[in-house]
């Protein structure tokens, strides 16, 4: 059984679960590997000791987009001048 997935590795991701994701190319859903294994053995009731062989071949690589952080120049407003503007 050959399945194709998109593996995304982003060491700069803010959340742990976004650092390494495996998704189906058409639906972007995360694969349920236990369900795939159950389908491979025929989904018959029982407990199984299984061996799973994963063979990986990179078909195409796309670089992560470089995000440039721009400085924000926000003028500071003192609390006194802000209150004055609200009253006026």
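Based on Cα contacts under 8 Å between residues 6+ apart, the stretch 1-64 shows a relative contact order of 21 percent. Extending 7 Å from Cα along the Cβ direction at residue 43 and again at residue 20 yields two label points whose distance is 3.0 nm.
No value in this document is a laboratory result; all are computed from the given coordinates. Computed from a prediction, not measured in an experiment: that's the story for all the values here. Virtual Cβ from ideal backbone geometry, glycine too; neighbours counted across all protein chains shown.
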